[in-house]
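Q: Here it is, the structure, as structure tokens.
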Amino acid sequence: MLAYAHQTGEALGGELRPGNAGANTAVDQIQVAEHALAQIPEAHIEGIELLLRVDTAGATHKLLAFAREHRVRYSVGYDLTEAVRAAILDTPEDCWVSSVDQDGAQRPNGQVCEITAHLDLGTWPTGSRVIVRRERPHPGAQLTFTDHDGYRFQATLTDQADPDIALLERCHRARAGVEDHIRNDKDTGLRNLPFRDYEHNRIWLQLVLLAHDLIAWTQRLLLTGELAACEPKRLRYRLLHTAGRLAFHARTAILRLPRTWPWASELAAAFARLKALPAPPG
């Protein structure tokens, strides 16, 4: 179970769990959430608004109660229960508004509506809302029993107060970026756990997350252009595997890079940016 920061892309927390552990085990979810909150400096945590985004497994009362207690907003997937499906079918057509892409442009396929007034959310934290998105599946996609009239539906439970439901749905949909982080971590050592011992593999997970953070901050602070956005597998063969030689002269260490390496200049520029960064506080 993993947690990542949306803005920086860094890994905020992770826990290795047994193979038979449930996805919606609130105790484990809260533990990872606590790890994530602990990564935020105390000097900044009071002045920012935090949003916890989870898939449908995060729709647990204990996790959302934890979020409310720690003044964290939440946006989690919500099951398409019979009551939700009935509320969707009772929603007039003129209540649906166009969903939007991450750049704010209207999506050609997809509408959203709010069905909070048609549901009993009394067991959830005060201020909870349910927003539904519908869209036409791509040609050839198999519909399920929860689909209706050719539409596929997804519901979101959130306590954000913004009246722009298209904006809230877009914000929740952006959490899909964690799949990219997970894929990258699999390329950085998470695909195969090397040890027989469970505790040793837990340590291995933390090492993978540490490598994730080193790459994330290297790209944000030291790299530009395509190298600042490429995935670890490509970055590894362009920069991290560059052959070099460390030479010493007059008590000075000099890193020599091959001129013929296509990205040698980018790597040298990255070292120059690193040298120019201010020293971290005490």
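The values are calculated or read from the model by the stated rules, or taken from the named source; none is laboratory data. Keep in mind the model is a prediction, meaning the values are calculated, not measured. No Cβ is skipped: glycine too gets one built from the backbone with ideal geometry, and neighbour counts run over all protein chains shown.
Q: For A279, only one of the following conditions fails: (1) under 30 Å from P41 (Cβ atoms); (2) in a helix (DSSP H, G or I); (3) not basic (K, R). What is its number?
A: (2)
Q: When you look at A57, is it modelled with pLDDT under 95, within 30 Å of C113 (Cβ to Cβ) and either assigned to a helix (DSSP H, G or I) or of a type outside the set (A, V, I, L, M, F, W, C) (or both), yes or no?
A: So A57 passes the test.
Q: Could you list, in sequence order, the residues of region 191-209 that are surrounded by fewer than 12 Cβ atoms within 10 Å (Cβ to Cβ) and touching a residue at least 24 places away in the same chain (Cβ under 8 Å)?
A: Selection gives Y198 alone.
Matching residues to (1) of a type in the set (D, E, K, R); (2) surrounded by 15 or more Cβ atoms within 10 Å (Cβ to Cβ); (3) farther than 26 Å from L64 by Cβ:
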position	(1), (2), (3)
T81	no, no, no
E93	yes, no, yes
L119	no, yes, no
W124	no, yes, no
S128	no, yes, no
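Q: While we're looking at this one, here's another question. State all residues of region 128-160 that are small (G, A, S), out of contact with any helix residue (DSSP H, G or I) (no Cβ under 6 Å at 6 or more places or on another chain) and modelled with pLDDT of 95 or more; if no residue qualifies, say none.
A: Filtering region 128-160 down to residues small (G, A, S) leaves 128, 140-141, 150, 155.
Keeping just the survivors that are out of contact with any helix residue (DSSP H, G or I) (no Cβ under 6 Å at 6 or more places or on another chain) gives 128, 140-141, 150.
Within region 128-160, just S128 meets the criteria.
Q: State yes or no: is R259 of a type outside the set (V, I, T), more than 23 Å from L52 (Cα to Cα) and not in a helix (DSSP H, G or I)?
A: yes
Q: Follow-up. Among the residues of region 8-29, are any over 25 Å from R133 (Cα atoms), surrounded by fewer than 16 Cβ atoms within 10 Å (Cβ to Cβ) and within 14 Å of the chain's Cα centre (by Cα)?
A: yes
Q: Let me ask another. Is there any pair with a first residue in region 247-266 that is within 21 Å of G225 (Cα to Cα) and a second that is exposed (fewer than 10 other Cβ atoms within 10 Å of the Cβ) and among the aliphatic types (A, V, I, L, M) whose Cβ atoms are under 9 Å apart and which are 6 or more apart or on different chains, and what are they?
A: Pairs found: L257/A243; W261/A243.
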